[in-house]
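Q: Take this structure first; my questions come after.
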Amino acid sequence: MQLVDTHVHINFKDFQTDLNEVRDRWLANGVTKLVHSCVSPDEFTQIQAIADQFPEVSFAVGLHPLDKNLNATGWYPEIGDRIKSLASSDRRVVAIGETGLDFFKSDSKEAQIEAFKSQLRIARSLNLPVIIHSREAAIATREVLQEINTEDADKPVRGVMHCWAGNPEETQWFVDLGMYISFSGVVTFKNAHDLHESAKIVPSDRLLVETDCPFLAPVPKRGKRNEPAYVLHVAESVAKLRDVELEILAAQTTSNAFNLFALA
């Protein structure tokens, strides 16, 4: 059985002392590929070094909506130029992101929207998928995607709603827009009732799993540092919600990850 963790941040300081042991555990749990997300272009060389060390790691480049530089300075075209240049510089780059909108305790909505639109256009120009972060911003996220898609109806933006936490209605919006939906450890939480229903309605060919480590460790590891090995618990939970065998769920999500990110 193989699994792909489609969203990790193993460059964070949480993993500085034991990354080799963390890798041993993800391999032991059948995790054969990882997609490393990026919250700022400043991380690029650090993430490259991890991919040099672990060949199963592919990665993205982008600017997170809550990045301190965006909040402090707004969006400048030079940031987009840098993201595009970096994305073109390494064949292991498989996505733009993470980008998106986060309106939870944020006063930078206009700058976030501008940055999001720019990165969506970059992704389309490079024929790469986009990794989308959307928190308390489902309506605005949908509106931006619809606007960008009208610019070139023959080439709609493709990508994934990562660490998805939306209700079934919101989930259907993004499925209808052609997006993949990725579930994290939140789907294992017993009170996440709307999310449980969302996990049941995603088409099997649009379903992904992730950890978003080091955040949001799933049950039974909740409260601990999250790590890629724990994507197995996410897959187990989604399989149970969808009433399918774990092996089938793993095969589906692995195939979907390979398709979306063109993993080698």
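The values are calculated or read from the model by the stated rules, or taken from the named source; none is laboratory data. On a predicted model such as this, the values are computed, not experimentally measured, just so you know. Cβ coordinates were reconstructed from backbone atoms using ideal geometry, including for glycine residues, and neighbour counts include every protein chain displayed. Side chains included, ligands, DNA and RNA excluded: accessible areas come from the protein's heavy atoms. Shrake-Rupley method; radii C 1.70, N 1.55, O 1.52, S 1.80 Å.
Q: Placing +1 on the Cβ of each Lys and Arg and -1 on the Cβ of each Asp and Glu in the chain, which of Ser237, Ile201, Thr6 has its Cα farthest towards the positive end of the resulting dipole?
A: Ser237
Q: Using a ≥ b ≥ c from the Cα gyration tensor of region 1-42 (square roots of the eigenvalues), is it rounded, prolate or oblate, where a/c under 1.5 gives rounded and otherwise the larger of a/b and b/c decides, a/b for prolate?
A: oblate
Q: Okay, next question. Rg to Rh ratio, region 61-187, alpha-carbon atoms and Kirkwood radius?
A: Rg/Rh for region 61-187 comes to 0.94.
Q: Additional query: Sorted by accessible area with a 1.4 angstrom probe, largest first, how do Thr188, Thr171, Thr17 fall?
A: Descending order: Thr17, Thr188, Thr171.
Q: Too long at a 22 Å Cα-Cα cut-off: which of Lys33/Lys105; Lys190/Lys224; Lys13/Lys190; Lys33/Lys190?
A: Lys33/Lys105; Lys13/Lys190; Lys33/Lys190
Q: So with the 1.4 Å probe, I'd like the accessible area per residue for region 111-264, rounded to whole Å².
A: Roughly 42 Å² per residue, with all protein chains present.
Q: Under the rule of at least 5 residues apart or a separate chain, name every residue whose amide H is placed under 5 Å from the amide H of Asp102.
A: Residues meeting the amide H criterion: Arg135.
Q: Once phi is turned into θ = phi - 60°, what whole-Hz ³J(HN,Hα) does the Karplus curve with 6.51, -1.76 and 1.60 give for every residue of region 186-196, x standing for Gly and Pro?
A: Listing the rounded values in order: 4, 5, 8, 6, 5, 8, 7, 5, 4, 5, 4 Hz.
Q: Quick one: Karplus J couplings for region 240-250, per residue in order, coefficients 6.51, -1.76, 1.60, θ = phi - 60°, nearest Hz, x for Gly and Pro?
A: Listing the rounded values in order: 5, 4, 8, 6, 10, 5, 4, 4, 5, 4, 4 Hz.
Q: Something else now. Taking H placed 1.01 Å from N in the peptide plane, check which residues at least 5 places from Val209 or on another chain put their amide H under 5 Å from its amide H.
A: So Val209 has HN proximity to Thr6, Phe183.
Q: Using Cα pairs closer than 8 Å and at least 6 residues apart in sequence, work out the relative contact order for region 133-264, in percent.
A: RCO, region 133-264: 19 percent.
Q: Based on the alpha-carbon gyration tensor of region 204-264 and its eigenvalue square roots a ≥ b ≥ c, which shape applies: rounded if a/c is under 1.5, prolate if not and a/b is larger than b/c, or oblate? Can you show the working numbers first?
A: Working: a/c = 2.72, a/b = 1.35, b/c = 2.01.
It is oblate, given that a/c is not under 1.5 and a/b is not larger than b/c.
Q: Would you calculate a helix-derived [θ] at 222 nm for the chain, using -39,500 (n - 2.57) for each DSSP H run of n ≥ 4 and dividing by the full residue count, to the nearest 500?
A: After summing the helix terms and dividing by the residues of the chain, the value is -13000 deg cm²/dmol.
Q: Protein chains only, probe 1.4 Å: how do Ser108, Ser88 rank by accessible area, largest first?
A: Ser88, Ser108
Q: Can I ask one more? Express the relative contact order of region 215-254 as a whole percentage, based on alpha carbon pairs under 8 Å and six or more residues apart in sequence.
A: Relative contact order of region 215-254: 25 percent.
Q: Where in region 41-61 does the amide nitrogen come within less than 16 Å of the point 7 Å from the Cα of Glu78, taken along Cα to Cβ?
A: Residues passing the 16 Å test: 41-42.
Q: Contact order normalised by length for region 37-176, with contacts defined as Cα pairs under 8 Å and 6 or more residues apart; what percent is it?
A: 22
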